[in-house]
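The values are calculated or read from the model by the stated rules, or taken from the named source; none is laboratory data. Since the model is a prediction, treat every value here as computed from it, not as a measurement. Note: ideal-geometry Cβ built from the backbone for every residue, glycine included; neighbour counts use all protein chains shown.
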There are 2 protein chains.
Amino acid sequence: MPTIKEVAEAAGVSRATVSRAFGKPTLLNPATVEHVRTIARQLGYAPNQVARALSTGRAGNIGLIVPDIANPFFSTLIRAAQAHAYTAGYSTILGDSDEVPAMEDVLLGKLAPQVEGFILASPRLSMQRIKAHASRRPLVLINRDVAGMPKVLIDAASGFEEAVDLLASIGHRSVAYVGAPKASWANRQRQNAVLNAAGRQGMTATVLHVPRPDHEAGRASAAEVLATSATAVLAVDDLVAQGIVAGLNERKISVPGDMSVIGCDDIIAATTHPPLSTIAVHCRDAGWRAAELLISILNGSLPPAMKLILKSDLVLRQTVAPPPHFQKR
Amino acid sequence: MPTIKEVAEAAGVSRATVSRAFGKPTLLNPATVEHVRTIARQLGYAPNQVARALSTGRAGNIGLIVPDIANPFFSTLIRAAQAHAYTAGYSTILGDSDEVPAMEDVLLGKLAPQVEGFILASPRLSMQRIKAHASRRPLVLINRDVAGMPKVLIDAASGFEEAVDLLASIGHRSVAYVGAPKASWANRQRQNAVLNAAGRQGMTATVLHVPRPDHEAGRASAAEVLATSATAVLAVDDLVAQGIVAGLNERKISVPGDMSVIGCDDIIAATTHPPLSTIAVHCRDAGWRAAELLISILNGSLPPAMKLILKSDLVLRQTVAPPPHFQKR
DNA sequence: TTGTATGCGTTATCAT
DNA sequence: ATGATAACGCATACAA
């Protein structure tokens, strides 16, 4: 690949001029900028980010660490973060922790030198470790609340409370919540919201857990749901909810006739059958905002401790109905 | 962050020794390796990948460019590629071209210096441009056939032919194929397979296109499908197929009673309702193999022109049945 | 087995 | 407005 030196010689200028033609064109005569760029294009030259990074200390990369790339919630978030980072001139280095806390730790350490800052989505890491990493590189959290650190929080709680209230209003007296592992901030928030709202409404609430939030686990949990007195079930996310619907169908339980189901995320909900009622959480915005926040911090244009809270909305589709005993009256 | 120089001084050795203690420990007295590493750990030193990259020309990163991160086919592929790269000591830099050829070009140029090689998944870029980029960095293609370049091809053709043969055997006489933009190699291959098999069976085959392969586009295409004489429809991927099923349902067309539907990828097919019949293509393997291939080429342990063909299988679930007129007899 | 010296491609600091 | 040159942190011939 051609270097700055070759371009300089071909253009009959110094290396500094070539450097400025790309980095600080305003310091140069417009004509020479044009000239240098033309030569550069002919040679196929592009500034070497690695050398630039070594010289400036700024790598032009941000690190993005997620628990599971293949989860549509995260892949959508990644897409948005990557797109925003790109427009700001940053590339995105991706890490998948596979839901393993120790892997987050390793990834953070390995990527740190080549990255200006991190976005940590739904980290399972301990607060101590997160703080340790944050002391070396700016770090923005998504769906994790650590005091004094910048973060983007998806407030699904209000949506879940709204959902439980609605269920109560149409006659449900007992609900189940199917959650993910307790280490997840998002899960705790959602579970508490369901419990709070149910308590407020004087409803019975049962909490169930799946080992990993996916379709298969949801499907397997259908039997447990049926073992409770619940006539409606709220799931930690749409994948699990969709799995529950499938598991219910296998057992000839009709949704929503016999059991109402509500998911969370609204990332696949519109494409399921029947279309899933869900809490829409705007994960696109979460990725976008996190990238924006991190880049602002890197620019120094924003204090390194911002808190963004993204609202959620209950979206009613076709998996919610009054409970069977209520209809029979 | 501490540098190699500080470690060298603290350990009372030269910078070269510190460098070797991390890079080539076998060249050193085990005792000094131990000593240097201890000091380094105390200081919190880690080799700076950026400086190392500039010196060696090897960045420890691979670039992965996909048309759409949020498409489950690609997110699954990304996950597998990233996991394999990680085990080989490489980090993954991700680019999303948003299905725009020019964006692939830009990404390839921008990422090139900080990456040792690329995996280009389903590129829409012209052959000339691909070759131009390949002349600078090793480049492995997924689902694109350019002569002389290493590639991983998913042979969905055999699966599609198998599917058409099956449809013929249960009485279908007319099929439709709903494809993606023509620039896609995968789409051409699948379309040709359907056309070939249909011709061989003496069936009528109609080709339809959607602007972008997703659920919404599939749903919108349902009307066009119904305007043909087809009693069975094959889609370029599961997203589109699932959309077609939804669009059909909206028009009170029952699947598979009135119309059979077959997708491709098997990435969401098992979770749809009804479970979608599909061509399973093992996109996990595609990502894994592509990373493996690229890293082998970087190591020089494999010739830079390998061709891997991944087989596909027809997976019958619940969206295929004999055509209505056939049942009526 | 270890140290010395040089270069990797760029930006920044002084000059001019 | 442009040029000369010294870092940036590391790896590696070459020496010892």
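Residues of region B:60-77 that are of a type in the set (S, T, N, Q), under 21 Å from A:Arg284 (Cβ atoms) and out of contact with any Pro (no Cβ under 9 Å at 6 or more places or on another chain): B:Thr76 alone.
Out of curiosity, is A:Thr92 of a type in the set (Val, Ile, Thr) and crowded, with 20+ Cβ neighbours inside 10 Å? Yes; evaluated as a whole, the condition is true for this residue. Of everything in region A:28-37 that is part of a helix (DSSP H, G or I) and surrounded by 11 or more Cβ atoms within 10 Å (Cβ to Cβ), the residue that is nearest to the other protein chains (Cβ to nearest Cβ) is A:Arg37. For region B:85-95, a residue qualifies if it is under 14 Å from the mean Cα position of the chain (by Cα) and more than 7 Å from chain A (Cβ to nearest Cβ), and exactly one does: B:Gly95. Kindly establish whether B:Ile69 is touching an Asp or Glu at 6+ places or on another chain (Cβ under 9 Å), of a type outside the set (Asp, Glu) and within 7 Å of another protein chain (Cβ to nearest Cβ). Against the criterion (touching an Asp or Glu at 6+ places or on another chain (Cβ under 9 Å), of a type outside the set (Asp, Glu) and within 7 Å of another protein chain (Cβ to nearest Cβ)), B:Ile69 qualifies. Among the conditions (1) more than 22 Å from B:Arg219 (Cβ to Cβ); (2) without any contact (Cβ under 8 Å) to a residue 12 or more places away in the chain, the only one that A:Val233 does not satisfy is (2). For the residues B:Ala46, B:Ala16, B:Ala40, B:Ala11, the requirement of being at the interface with another protein chain (Cβ under 10 Å from one of its Cβ atoms) and not acidic (Asp, Glu) singles out B:Ala46. Looking across region B:7-35, just one residue is under 28 Å from A:Ala134 (Cβ atoms) and more than 8 Å from DNA strand D (Cβ to nearest atom), and that is B:Ala10.
Counting only residues that are within 16 Å of DNA strand C (Cβ to nearest atom), in contact with a Leu (Cβ under 9 Å, 6 or more places away or on another chain) and more than 9 Å from chain B (Cβ to nearest Cβ), region A:56-66 holds 1 of them. Within the set A:Arg251, A:Arg317, the sole residue that is within 14 Å of chain B (Cβ to nearest Cβ), surrounded by fewer than 23 Cβ atoms within 10 Å (Cβ to Cβ) and charged (D, E, K, R) turns out to be A:Arg317.
A quick yes/no check of all residues on (1) away from chain B (no Cβ under 13 Å); (2) at positive phi; (3) crowded, with 20+ Cβ neighbours inside 10 Å; (4) at pLDDT below 90:
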| site | (1), (2), (3), (4) |
| --- | --- |
| A:Ile78 | no, no, yes, no |
| A:Asp98 | no, yes, no, yes |
| A:Lys110 | no, no, no, yes |
| A:Val115 | no, no, yes, yes |
| A:Ser122 | yes, yes, yes, no |
| A:Met127 | yes, no, no, no |
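Note on region B:1-24: residues that are within 9 Å of DNA strand C (Cβ to nearest atom) and under 44 Å from the mean Cα position of the chain (by Cα) amount to 8.
For (1) under 22 Å from A:Gln114 (Cβ atoms); (2) touching a Ser or Thr at 6+ places or on another chain (Cβ under 8 Å); (3) hydroxyl-bearing (Ser, Thr, Tyr), each residue gets a yes or a no:
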position	(1), (2), (3)
B:Ala21	yes, yes, no
B:Ala31	no, no, no
B:Ala40	yes, no, no
B:Gly44	yes, no, no
B:Gly57	yes, no, no
B:Arg79	yes, no, no
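Among residues of region B:7-26 that are part of a loop (DSSP other than H, G, I, E, B), those with a Cβ under 8 angstrom from a residue that is within 8 Å of DNA strand C (Cβ to nearest atom), sequence gap 6+ or separate chain, pair up as B:Val13/B:Thr32; B:Ser14/B:Ala8.
Taken over region B:83-112, the criterion of being in contact (Cβ under 8 Å) with a residue 40 or more places away in the chain and of a type outside the set (A, V, I, L, M, F, W, C) is satisfied by B:His84, B:Tyr90, B:Glu99, B:Pro101.
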